[in-house]
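Beneath this line is the structure, given in structure tokens, with notes to follow.
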Amino acid sequence: MNPIFAADAAAIFDGPLSVAAIYTPATGAPLPIRVIPSIGDQALSFASSSFVAGSGIFLVQVASVPAPAEGDVIAIAEVGEFRVQGRPERHERRLWWRVEAKPL
């Protein structure tokens, strides 16, 4: 990994786009981390019905959470808790995860 990219990623996660969060793995102790959240509504369809559900996408540094997994929880003060769903995807430079989560 190029150290310049790693330093840039660290600066982004220390900047104003990120927020403090607590990451709790399904098995293990909670970790204080910083995430870049994108929280909003998602339009879903099932059979002939459509509905709107809350969802969240979080960017999480690989250095902070080396192996996020389905069932883990991300908590942000004054926003709420989100359970990781699906398989987190790692960015092409392997510096952060794209984690999809649903509100608890």
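What follows draws every value from the coordinates through simple rules; no lab data is involved. In this text, all values refer to a predicted model and were calculated from it rather than measured experimentally. All Cβ positions, even for glycine, are placed from backbone atoms using ideal geometry, and neighbour counts span all protein chains on display.
Can you work out the FRET efficiency for the pair GLU92 and ILE22, with r the C-beta to C-beta distance and R0 = 35 Å, to the nearest 0.05?
Once the sixth-power term is evaluated, E becomes 0.80.
Could you give each residue of region 27-38 its phi-based ³J(HN,Hα) in whole Hz, using Karplus coefficients 6.51, -1.76, 1.60 with θ = phi - 60°, and x for Gly or Pro?
Karplus values, whole Hz, x for Gly and Pro: 10, x, 8, x, 10, x, 9, 10, 10, 10, x, 9.
I need the peptides 65-71, 23-29 ranked by packing, meaning the mean over residues of other C-beta atoms within 10 angstrom, with the highest value on top.
65-71, 23-29
Quick one: plug the Kirkwood hydrodynamic radius of region 3-103 (C-alpha pairs) into Stokes-Einstein at 10 °C, 1.306 mPa s, and report D in µm²/s.
The calculation lands on 112 µm²/s.
Tell me, what is the percent relative contact order of region 3-103, built from C-alpha pairs under 8 Å that lie six or more residues apart?
Result for region 3-103 is 25 percent.
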